[in-house]
Amino acid sequence: MNKAVRNRAGIAMAGGALLAAGLTACGDGKAASADAAAGGGKGAGKAHSSVEAVKASYLKTVAAKFAKAELSTVGSDGKTSGQVGMKGWYPSSHDVTLKGDKDDTRSIMIGDTIYTHLDAPLEGKTWMRMNLARDGKPGVRLNEDPAEYLAMLLGQEKLTHVGAEKTDGVEAQHYKGSLTNEDLLQADESTKVMEEKNRQYLHDSVKHITTFEVDLWIGKDGYPVRVDSVSTDGKGTTKTTAKFSDYGVAAPVQAPPADQVVDLSASLAETDRKLKETDQKLEEAGETLKEADKTLRDAGLGGLDGS
């Protein structure tokens with residue numbers, strides 16, 4: 001296998017890792033009321049509305065912009081994967097360590113751009129970049145951040161209030177629901193809390209989900225503490241436990257240094273060019289050998305194979 005072929009195979013593998021990594025703000029003054037509505041504060045003695053609690057928590061969470069996250073997922077194939085690091089929303093972003101069967105990998109995502117840290121430098125660079133957008137349209141996917149989970153539950157009357165309880169040592173209000181695809185596609189339609197572009201993006205991201213079972217815990221501070229979900233689509237069922245903390249404390253997600261980034265598309269294009277160039281040279285060399293063989297035979301000296 002020549003060097004160009006090996007390079008392209010390596011780039012393609014890195015691109016697969018990028019895609020796997022990637023396979024994701026309006027709450028101004030309104031967020032101030034989230035503590036009582038979502039966290040069981042002074043208004044806890046009144047009739048508890050799950051819809052209002054989720055709405056208040058969503059507005060407060062949106063304003064926080066970032067949070068620490070720890071996720072564990074059992075995929076439809078039975079394999080367990082994880083994410084540990086930071087999540088951001090509007091635009092979707094993350095800076096996480098991806099955990100799975102193989103070595104841990106650091107992944108950074110900002111909007112539609114994903115950066116994956118490479119095991120070995122490629123073209124002298126340690127990060128590979130991939131753009132999920134196609135034909136000017138955003139790459140649609142779920143980011144599994146707390147604002148997104150809450151957005152899926154906005155206006156959902158099927159969400160019930162289980163009660164106050166502790167989760168991972170944190171006092172919280174527990175909510176539970178089982179939603180259909182039709183329910184998910186109606187998320188926020190009754191409350192109109194989200195910006196229109198974000199609502200449409202959410203609907204595009206969940207349209208493949210047939211059922212969604214969820215347990216949500218909202219802390220006394222109005223922020224989601226934990227989300228346990230079971231999501232089913234055409235590929236099977238995925239179970240995820242997501243834990244969140246340190247809202248608004250962590251610094252925004254930042255891209256790697258530009259001089260340490262190689263672009264996936266550019267690398268593939270350059271490798272293809274080199275492969276075509278190598279093929280052309282091999283073809284020319286083959287023609288030269290044919291001519292040499294003919295010359296030897298015409299001179300009665302036998303061909304290149306000695307016959």
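Rule-based calculations on the coordinates, nothing more; no lab input. Not measured: the values here are computed from a predicted model. Virtual Cβ from ideal backbone geometry, glycine too; neighbours counted across all protein chains shown.
Backbone geometry of region 85-91 corresponds, through the Karplus equation with coefficients 6.51, -1.76 and 1.60 at θ = phi - 60°, to 3J(HN,Hα) couplings of x, 10, 10, x, 9, 6, x Hz, x marking Gly and Pro. Protection proxy ranking for 295-301, 173-179, 99-105, using the average of other Cβ atoms within 10 Å per residue and placing the highest first: 173-179, 99-105, 295-301. Which of rounded, prolate, oblate describes region 49-116, given a ≥ b ≥ c as roots of the alpha-carbon gyration tensor eigenvalues and a/c under 1.5 marking rounded, otherwise prolate only if a/b is larger than b/c? Cα axes put region 49-116 in the oblate bin. The calculated P(r) of region 68-173, using every Cα pair and 10 Å bins from 0, goes 12, 32, 36, 15, 5, 1 in percent.
For the pair residue 160 and residue 104, what calculated FRET efficiency results from E = 1/(1 + (r/R0)^6), where r is the Cβ-Cβ distance and R0 = 30 Å, to the nearest 0.05? In this case the efficiency is close to 0.20. Remark: the Cα gyration tensor places region 92-132 in the oblate category, a/c being 1.5 or greater and a/b not exceeding b/c. Between residue 74 and residue 197, full extension at 0.36 nm per residue minus the direct alpha carbon distance yields a gain of 41.2 nm. Packing here is the average count of other Cβ atoms within 10 Å per residue, and on that basis the peptides 250-261, 205-216, highest first, run 205-216, 250-261.
Checking the a/c ratio against 1.5 first, then a/b against b/c, what shape does the Cα gyration tensor give for region 120-212?
Details: a/c = 2.86, a/b = 1.53, b/c = 1.86.
The shape class here is oblate.
Show me the trypsin sites (Lys or Arg not before Pro) within region 212-245 that DSSP assigns to loop and that have at most 12 other Cβ atoms within 10 Å of their Cβ. Please list the in-between numbers first.
Numbers: sites: 220, 226, 235, 239, 243; in loops: 220, 235.
When the trypsin sites (Lys or Arg not before Pro) of region 212-245 are filtered for loop state and at most 12 Cβ neighbours within 10 Å, 235 remain.
If the limit is 29 Å between Cα atoms, which of 166/235; 60/176; 65/235; 55/99 go over it?
In this structure, 166/235; 65/235; 55/99 lie more than 29 Å apart at Cα.
Note on residue 263 and residue 51: with the Förster distance fixed at 45 Å, the Cβ-Cβ geometry gives a FRET efficiency of about 0.50.
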